[in-house]
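Shown next, in structure tokens, is the structure this report addresses.
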Amino acid sequence: MEDKKTYASPESYAMNGGKGPYSYAQNSHLSEAAEAAKEKINKAIADHFDIKTLSASLNSVCVADLGCSTGPNTFISVQNIIEAVKLQYISKGVHTEIPEFLVFFNDHVCNDFNTLFKSFPPNKQYIAAGVPGSFHGRLFRKESLHFIHSSFALQWLSKAPIEVMDEGSPAWNKGRIFYTNAQKE
């Protein structure tokens, strides 16, 4: 039997899949942070998602969670986004049907998407799809997403974003950040 890690990029470090004692699903207890972000998500959607302009032509809302892994935290974050959009439809008095939700779950190609898909909440209110690959490259077609969420992915970057390495970029980091597989300095 082949080791599935041989198919991963040497710069790719996925979380432990499955549901065993060392799996991400069993050791992921950061849901408090996902809940704490709920207020910020609500505010961002209230401030930037123009329901009245979009409601006439929008029959679906597309959400991506970058760095979803295999645990339950991604479902809390996605549900917070969906509830915030629905709240906007209700509070703005838009008299159209609430759109369908399509959620793209993204992580490295060696992520255990089977465990993620088996763990969906029974009352999920969206159509789900897995999108394997690094979010450093292009994953989606132009203008196809309404919301992009990434809560706990920064510390798992497989490489530093190009913009951070460019001294002329507003994202230039004058100090040092840690990322997995970082070169020694």
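Which entries in the list Lys38/Lys142; Lys40/Lys86; Lys40/Lys142; Lys92/Lys124 go over 18 Å, if you measure between the two C-alpha atoms of each? Let's see the in-between values first.
Working: Lys38/Lys142 27 Å; Lys40/Lys86 16 Å; Lys40/Lys142 26 Å; Lys92/Lys124 24 Å.
Correct reply: Lys38/Lys142; Lys40/Lys142; Lys92/Lys124.
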What ranking of Asp112, Asp107 emerges when the number of other C-beta atoms within 10 Å of each C-beta is taken as an exposure proxy, fewest first? Asp112, Asp107
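Kindly put Phe101, Phe117 in sequence by how many other C-beta atoms sit within 10 Å of each C-beta, fewest to most.
Values: Phe101 21, Phe117 13.
Listed from fewest to most nearby Cβ atoms, that is Phe117, Phe101.
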Let me check I've understood the local charge: for Thr74, count other residues with C-beta under 10 angstrom from its C-beta, Lys and Arg +1, Asp and Glu -1. What total comes out? -2
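Please rank Cys62, Cys110, Cys68, fewest neighbouring Cβ atoms within 10 Å first, as an exposure proxy.
Numbers: Cys62 21, Cys110 18, Cys68 28.
The fewest-first ordering by Cβ neighbours comes to Cys110, Cys62, Cys68.
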What FRET efficiency, computed as 1/(1 + (r/R0)^6) with R0 = 45 Å and r the Cβ-Cβ distance, is obtained for Ser150 and Thr96, rounded to the nearest 0.05? 0.90
Can you compute the modelled spin-label distance between Lys40 and Lys52, with each label point 7 Å from Cα toward Cβ, in nm? 2.9 nm
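Just so you know, all these numbers are worked out from the coordinates, no wet-lab data involved. Fair warning: this is a prediction, and the values are worked out from it, not measured in the lab. Methodologically, a virtual Cβ is constructed for each residue, glycine included, from the backbone with ideal geometry; neighbour enumeration extends over all protein chains shown.
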